[in-house]
1. How big is the gap, in Å, between the Cα center of the stretch 35-96 and the Cα center of the stretch 133-176?
2. Go through Lys66/Lys151; Lys73/Lys129; Lys13/Lys36; Lys36/Lys80; Lys80/Lys127; Lys73/Lys172 and tell me which ones have a Cα-Cα distance over 27 Å in this structure.
3. Across 10 Å bins from the origin, how do the percents of Cα pairs in the stretch 126-176 run, short distances first?
4. Going by alpha carbons, how many degrees (0 to 90, nearest 10) lie between the helix axis of 113-123 and the longest principal axis of the chain?
5. Whenever you get a sec, compute what percent of the accessible area on the chain sits on carbon and sulfur atoms (1.4 Å probe).
6. Using the heavy atoms of the protein chains and a 1.4 angstrom probe, tell me the accessible area per residue for the chain in square angstrom.
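The values are calculated or read from the model by the stated rules, or taken from the named source; none is laboratory data. The model shown is predicted, which means the values in this text are computed figures rather than measured ones. Just so you know, the surface numbers come from the protein's heavy atoms only, side chains and all, with ligands and any DNA or RNA stripped out. Shrake-Rupley method; radii C 1.70, N 1.55, O 1.52, S 1.80 Å.
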Amino acid sequence: IHKKSYQELNYAKHDEFYPLVDTINTLNKNLSFQEKIRSDFLADFSHEIKAPISAIKCYLEGIEDKVLQMDEKTLGLLHKEIDRLIRISGSIMDFGAIDRLEHESCTLARVDLVEMLQHVSDEYAPKLKKSNQTIEFKSGKKFYLEIDEGKWMQLLHNVVSNFNKYAGDGTKLAVS
């Protein structure tokens, strides 16, 4: 439900000016609604773009702190996050209509969720180490799902990032 955030002109007379005032009120209401959509979109976009940037920063801090090696694996993970950043920022360039976001298609693939979780955990290792936080995997088994890998990767980044920011020092995230 759209909260009323516009000022309506009160005009009680039903004379020749009433249709004009009614049109102005309708236009004002529509513009207010469009502004809310734009504002929400920018907030969502900003939130989505922060995750890969934070992941890249974690990798770089880990390399600086000598917690991570600048090897082929780390370089591959950095490339993956940069590709994700490019996809997210590219989506803004394609943005043609708000409806597209509501009906965005998914690209399903068979993905090992445990491997994805480990990938995200490895990315945040330097930040988690600084705050004495751990992520514990209850199952080492592979767990395959048919999912949109990019969307799930974003979800996992958000979960681990929020854990790191808000759970507090010395906490453990148990994943089962």
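1. Each part's Cα centre sits 17 Å from the other's.
2. On the way: Lys66/Lys151 30 Å; Lys73/Lys129 20 Å; Lys13/Lys36 31 Å; Lys36/Lys80 33 Å; Lys80/Lys127 19 Å; Lys73/Lys172 25 Å.
Table pairs above 27 Å Cα-Cα are Lys66/Lys151; Lys13/Lys36; Lys36/Lys80.
3. So the P(r) values, bin by bin, are 23, 46, 28, 3.
4. Approximately 90 degrees, to the nearest 10.
5. Working: 6840 of 12060 Å².
Within the chain, the accessible surface is 57 percent carbon and sulfur.
6. Per residue, the chain has 69 Å² of solvent-accessible surface.
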